[in-house]
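The values are calculated or read from the model by the stated rules, or taken from the named source; none is laboratory data. Nothing here was measured: the structure is a model prediction, and the numbers come from that model. Cβ atoms come from the backbone with ideal geometry, glycine included; neighbour counts cover every protein chain shown.
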Amino acid sequence: MQPNHVALAIVVAYMAGLGLLTSIVQRSVASAATFTSGTTGSGVPAILVGLMLMSEFIGTSASVGTAQEAYVFGISSAWNIIALSAGFLFYAFLLAGKYKDSGHNTISAVFAEVYGPSTKIATSLVMIFALQIVAVALYAGGGAILSVLLAVNRTLATIICGIVAVLYVFVGGMRTVVYTNVIHSLMKYAGIAVALYFGLSKVGGLGQLQARLPAQMFSWTNVGFGQIFAWFIAGIGATFSTQYVIQAVNTVETRQKARAASLSAAFLLVPFGIATALIGMCALVLFPGIKSINAFSALIADMNGLMAGVVAAGLAASLFGTIAAISVSTATLLYKDFYVRFVKADNDESRALSFVRVTTVIVGLLPIVLAIYTPNVLQITFLAKAIRASLSVLVLLVFYAPWFGTKSAALISIVGSMVATIAWFLMGNPFGIDNAYVALAFPLVVMAVSSMMAWMRTGTALPAKSGRELR
């Protein structure tokens with residue numbers, strides 16, 4: 001295997017262009033508030049936010065992971081991305097306006113207003129942990145691709161991915177994420193389109209792909225109804241409760257624009273999921289017997305330099321766009337829920353901005369070690385979605401049934417759901433029950449039991465809500 005110098009040159013040129021844009025955008029970033037919110041007095045257009053939301057949810061873990069799953073199960077693997085589209089569709093009508101009107105840009109602040117301050121730290125820690133798991137999957141997918149371009153082992157490629165991915169967001173923060181992720185979105189689509197064209201051309205067209213694969217590979221239920229429903233639970237739950245979604249929505253000016261941004265993201269995700277699944281199926285025909293995680297990278301290795309460069313740049317966009325959102329979102333939680341609460345006492349904006357920027361780099365680098373040993377990208381991504389899905393139950397209760405459950409039950413739900421979901425995952429999903437179902441059931445049961453106990457104790461439901469009404 002030899003390094004693909006042309007493809008590498010295209011990727012480097014792409015990143016250099018982004019670096020130039022970042023250097024321009026960062027001139028408007030003078031405070032920690034601007035870094036974390038992405039606003040400087042004027043809102044961000046809804047279509048740009050929609051592109052950013054789409055970009056953040058289809059990192060290398062989605063691209064490489066879906067192709068990996070399609071290598072085994074075929075077209076039905078597309079459901080894991082289509083589930084995200086459904087999530088944004090529901091988000092547009094149920095939560096986009098609610099989050100915008102709440103005035104908060106962290107999920108922990110929303111919970112604290114309803115369930116009390118004790119839930120704030122717990123929610124932040126759970127969200128930070130879930131986002132770090134996403135980063136693990138991102139680096140694992142990025143390392144699989146970069147190893148082909150550099151002709152090095154996946155371990156070294158993963159380390160390089162981790163180091164490079166966090167540098168450009170260090171300067172500009174959320175405002176940089178908004179504008180660079182629009183470019184990333186376009187590049188991702190271009191890369192996936194080129195990869196699909198190349199794969200189908202090598203196979204001989206869609207008809208030949210159907211002829212050379214078993215019929216079940218084109219069944220939309222081949223992966224199993226249980227897995228599909230689990231993907232929908234995790235995907236919808238992730239969109240409802242992910243920190244960088246809330247931050248992105250709050251960069252627009254009105255609830256109507258927040259809804260439009262969410263609908264744009266939903267529309268853009270569906271074709272991406274189908275195309276990525278087809279790429280994995282082409283890889284199965286062309287490279288039978290390889291490790292499934294190498295399905296996408298094997299296709300790239302067979303391309304000429306120019307085509308490989310476009311696809312690799314698209315995958316680089318997938319990695320950098322999502323890791324930037326994750327890093328900034330995690331830094332925002334640490335800043336608002338820890339720094340402001342426990343450290344900031346002198347109102348020194350320069351110190352606060354330095355804290356956020358340094359934190360962005362640290363949280364971007366931490367997942368590298370685990371990424372080196374990640375065998376299945378999609379499973380790890382799915383676990384992170386499941387953890388966030390447990391929070392989505394409380395999100396819906398906060399806005400639509402704040403009287404249901406108690407404050408102590410909310411705290412138990414936040415922490416207990418994460419522990420139970422991870423434990424179920426590590427046990428290999430016993431009895432064939434996916435960990436996403438555990439993530440959904442745990443908070444529902446805990447909150448229902450607490451409401452019942454409160455009713456038995458007082459004869460009436462005890463509302464958990466305190467403070468002003470969330471609109």
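Numbers for the structure displayed
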{"quantity": "Number of positions in the range 110-125 that are aliphatic (A, V, I, L, M), within 22 Å of residue 324 (Cβ to Cβ) and surrounded by 24 or more Cβ atoms within 10 Å (Cβ to Cβ)", "calculated": "0"}
{"quantity": "Odd one out for residue 264, checked against (1) within 19 Å of the chain's Cα centre (by Cα); (2) closer than 21 Å to residue 137 by Cβ; (3) polar (S, T, N, Q)", "calculated": "(2)"}
{"quantity": "Residue that is surrounded by 21 or more Cβ atoms within 10 Å (Cβ to Cβ) and modelled with pLDDT of 90 or more, where the choices are 258, 277, 215, 234", "calculated": "277"}
{"quantity": "Residue within the range 377-398 that is surrounded by fewer than 24 Cβ atoms within 10 Å (Cβ to Cβ), more than 19 Å from residue 243 (Cβ to Cβ), polar (S, T, N, Q) and under 22 Å from the mean Cα position of the chain (by Cα) present", "calculated": "yes"}
{"quantity": "Exclusive hit being of a type in the set (Phe, Trp, Tyr), within 30 Å of residue 7 (Cα to Cα) and out of contact with any Asp or Glu (no Cβ under 8 Å at 6 or more places or on another chain), set 272, 240, 232, 225", "calculated": "272"}
{"quantity": "First in the range 188-205 and over 21 Å from residue 142 (Cα atoms) and in contact (Cβ under 8 Å) with a residue 40 or more places away in the chain, second anywhere and among the charged types (D, E, K, R) and in a helix (DSSP H, G or I), Cβ under 7 Å, 6 or more apart", "calculated": "203/212"}
{"quantity": "In the range 444-471, the residues that are among the hydroxyl-bearing types (Ser, Thr, Tyr), at pLDDT 65 or above and exposed (fewer than 13 other Cβ atoms within 10 Å of the Cβ)", "calculated": "458"}
{"quantity": "Residue satisfying condition, being surrounded by fewer than 23 Cβ atoms within 10 Å (Cβ to Cβ), part of a helix (DSSP H, G or I) and out of contact with any Cys (no Cβ under 9 Å at 6 or more places or on another chain), within set 50, 97, 65", "calculated": "97"}
{"quantity": "Residues of the range 427-454 that turn out to be in a helix (DSSP H, G or I) and either β-branched (Val, Ile, Thr) or farther than 21 Å from residue 224 by Cα (or both), as a count", "calculated": "14"}
{"quantity": "Unique match (being small (Gly, Ala, Ser), out of contact with any Phe, Trp or Tyr (no Cβ under 7 Å at 6 or more places or on another chain), modelled with pLDDT under 85 and assigned to a helix (DSSP H, G or I)) among 193, 157", "calculated": "157"}
{"quantity": "Residue in the range 421-443 that is within 25 Å of residue 246 (Cβ to Cβ) and either modelled with pLDDT under 90 or of a type in the set (D, E, K, R) (or both) present", "calculated": "no"}
{"quantity": "So residue 186, is it aliphatic (A, V, I, L, M) and at pLDDT 90 or above", "calculated": "no"}
